[in-house]
Amino acid sequence: MNASATASPAQPPWRLRGRVRQWMQRLHLWLGLSVGLAYALIALSGSVLAFQQPWLRAAYPQLAAHALPDATQRAAVLTRIADEWQPRGLRAADLPLAGLPAWQLYFKDGTRRYLDPAEGSLLLTRSRNGDTLQFLHYWHTHLLAGKSGEHVLGVIGWLALFLLVSGPLLWWPGRRHLLASLRPHAQPPTRRWASWHRGAGILSLPLLVLVSLTGTLMIYGAGTAQVLRSAFGDPSKTTAPPALAARAAPIDWNAVLIAAQRAMPGAALHRVTLPTARNAQVVIRAQARGEWHPVGRSTIWLDPYTASALASDDATRDGTGTRINDAIYPLHAGRVGGWAWQLAVALAGLLPLFFLVTGFLFWRARTRRRN
């Protein structure tokens, strides 16, 4: 008997079939045309925010043309900040650094103020309603609706991930037809829009999943950190020392910063939280060598009256789960990997709008053809 006659027929490629496929097609279509709009607008704002610092320097040139302060000037400005701005709702202050040579002050109402690095005089005030970048940042992180908007953003993030995963499941043509199915077409319209939509989606899938997943996980920051620490069996992190009673004594800010640098040699000191009536500790966020986070996840707690370190936590010595969690924000915001990754993150922010438009045009062309 002929061998070819006895050979078993080739197995068809795996595909979703039946009611599961029908329901997934419907969900992909209607979620794409509804949630896809919000996802596209959120992602577009992310493309702008990926270049936040260059935009900030371009929009406000008064922030860039400064020399970094010396130790005496830093101490004098910190004294002025504590006296002048802390009673007005100051949360924390970023030290002047090469990327932004000005003091950046964060307030409880979301306002940011920028001070001359050497003198401490006010250079700029940015509010959520009066500044484009601040507005986009609040939209991107809270949908302009505070904590409620953040919860809605989390739901949109999971639905967006469903769209990204369901697309390839609906499209999968089998390995033999993989390359042919990615070829773009010009005509007819239904084939054109479908080929552009699925081709761009498949090629950009790893990037989009990474950016969307990291953004969604950041919304559940404490829960994400706990799950990752438990999954990798991380040891307990260094906890903050007991609160320090406030005293009517002057603070030598130069000595405090020297003590912080001595507690964590080689680290870049970034963000200072000033003493309060409830807790007189000075807390400094620092970026240890090897950290991706632009502000750093390392922390130093200090007694400002004795200029001594009470405790410190070097983030580079944390467990695997904690270090993965610390990498989520830099990966999402394009703050690691230089210009190449920054451009990739900005491109990822443009793609959801492309999918929304091509998906809508495909749906419209198919509906017209059927009618």
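With respect to Leu164, is the statement that it is farther than 30 Å from Gln25 by Cβ, aliphatic (A, V, I, L, M), in a helix (DSSP H, G or I) and within 23 Å of the chain's Cα centre (by Cα) true? Please lay out each step first, then the result.
Details: farther than 30 Å from Gln25 by Cβ: no; aliphatic (A, V, I, L, M): yes; in a helix (DSSP H, G or I): yes; within 23 Å of the chain's Cα centre (by Cα): yes.
Judged against the criteria, Leu164 is not a match.
Within the stretch 124-153, which residues are more than 19 Å from Pro87 (Cα to Cα) and among the aliphatic types (A, V, I, L, M)?
Going through the stretch 124-153, the residues more than 19 Å from Pro87 (Cα to Cα) turn out to be 128-153.
Those that are more than 19 Å from Pro87 (Cα to Cα) and among the aliphatic types (A, V, I, L, M): Leu133, Leu136, Leu143, Leu144, Ala145, Val152, Leu153.
If I filter the stretch 71-89 for residues that are part of a strand (DSSP E or B) and small (Gly, Ala, Ser), do I get at least one hit?
If we filter the stretch 71-89 for residues that are part of a strand (DSSP E or B), which is where we start, we get none.
Within the stretch 71-89, not a single residue is part of a strand (DSSP E or B) and small (Gly, Ala, Ser).
Could you grab me the full set of residues in the stretch 233-263 that are assigned to a loop (DSSP other than H, G, I, E, B) and of a type in the set (A, V, I, L, M)? If you could, list the steps in order and put the result at the bottom.
Filtering the stretch 233-263 down to residues assigned to a loop (DSSP other than H, G, I, E, B) leaves 233-252.
Residues satisfying the conditions are Ala240, Ala243, Leu244, Ala245, Ala246, Ala248, Ala249, Ile251.
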Please indicate, with yes or no, whether at least one residue in the stretch 171-178 is within 18 Å of Leu44 (Cβ to Cβ), in contact (Cβ under 8 Å) with a residue 12 or more places away in the chain and assigned to a helix (DSSP H, G or I).
no
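If I filter the stretch 312-342 down to residues being aliphatic (A, V, I, L, M) and either under 24 Å from Gly221 (Cα atoms) or open to solvent by less than 70 Å² (accessible area, probe 1.4 Å) (or both), which single residue comes out as modelled with the lowest pLDDT?
As a first pass, look at the stretch 312-342 and keep what is aliphatic (A, V, I, L, M): 315, 324, 327-328, 331, 333, 336, 340.
Remaining after also requiring either under 24 Å from Gly221 (Cα atoms) or open to solvent by less than 70 Å² (accessible area, probe 1.4 Å) (or both): 315, 324, 327-328, 331, 333, 336.
Values: Ala315: 96, Ile324: 96, Ala327: 96, Ile328: 97, Leu331: 97, Ala333: 95, Val336: 92.
In this case the residue turns out to be Val336.
Just to be sure, is Val345 among the β-branched types (Val, Ile, Thr), surrounded by fewer than 18 Cβ atoms within 10 Å (Cβ to Cβ) and closer than 18 Å to Val48 by Cα? First the steps, then the outcome.
Details: among the β-branched types (Val, Ile, Thr): yes; surrounded by fewer than 18 Cβ atoms within 10 Å (Cβ to Cβ): no; closer than 18 Å to Val48 by Cα: yes.
Against the criterion (among the β-branched types (Val, Ile, Thr), surrounded by fewer than 18 Cβ atoms within 10 Å (Cβ to Cβ) and closer than 18 Å to Val48 by Cα), Val345 does not qualify.
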Mind checking whether some residue in the stretch 278-292 is within 18 Å of Ala246 (Cα to Cα), open to solvent by 20 Å² or more (accessible area, probe 1.4 Å) and of a type in the set (Lys, Arg)?
yes
Considering only the stretch 77-103, how many residues are farther than 16 Å from Gln287 by Cα and in contact with a helix residue (DSSP H, G or I) (Cβ under 9 Å, 6 or more places away or on another chain)?
8
Sole exception among (1) in a helix (DSSP H, G or I); (2) among the hydrophobic types (A, V, I, L, M, F, W, C); (3) more than 30 Å from Ser312 (Cβ to Cβ) for Ala186, by number
(1)
Gly296 passes all but one of (1) of a type in the set (Gly, Ala, Ser); (2) assigned to a strand (DSSP E or B); (3) without any contact (Cβ under 8 Å) to a residue 60 or more places away in the chain; which number fails?
(2)
Of the residues in the stretch 124-154, those that are in contact with a Lys or Arg (Cβ under 9 Å, 6 or more places away or on another chain), in contact (Cβ under 8 Å) with a residue 12 or more places away in the chain and open to solvent by 50 Å² or more (accessible area, probe 1.4 Å) number 2
Restricting the stretch 332-363 to residues that are assigned to a helix (DSSP H, G or I) and not hydrophobic (A, V, I, L, M, F, W, C), the residue that is nearest to Val211 (Cα to Cα):
His332
Considering (1) touching a residue at least 24 places away in the same chain (Cβ under 8 Å); (2) under 22 Å from the mean Cα position of the chain (by Cα); (3) surrounded by fewer than 17 Cβ atoms within 10 Å (Cβ to Cβ), say which one Pro241 fails and leave the rest.
(2)
Are any residues in the stretch 176-209 surrounded by 14 or more Cβ atoms within 10 Å (Cβ to Cβ), charged (D, E, K, R) and over 20 Å from Ala160 (Cα atoms), and if so, which ones?
Arg191, Arg192
Apart from one, (1) assigned to a helix (DSSP H, G or I); (2) of a type in the set (Asp, Glu); (3) within 27 Å of the chain's Cα centre (by Cα) all hold for Asp109; the odd one out is (1)
Are there any helices (runs of 4 or more DSSP H) wholly within the stretch 1-64 with 2 or more residues that are in contact with a helix residue (DSSP H, G or I) (Cβ under 7 Å, 6 or more places away or on another chain), surrounded by 14 or more Cβ atoms within 10 Å (Cβ to Cβ) and at pLDDT 90 or above, and if so which?
18-49, 52-59
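The values are calculated or read from the model by the stated rules, or taken from the named source; none is laboratory data. Please read these numbers as outputs of a predicted model, since none were measured by experiment. Positions of Cβ are generated from backbone atoms using ideal geometry, with glycine treated the same way; all protein chains shown enter the neighbour counts. Areas reflect the complete protein model, heavy atoms only, side chains present, ligands, DNA and RNA absent. Shrake-Rupley method; radii C 1.70, N 1.55, O 1.52, S 1.80 Å.
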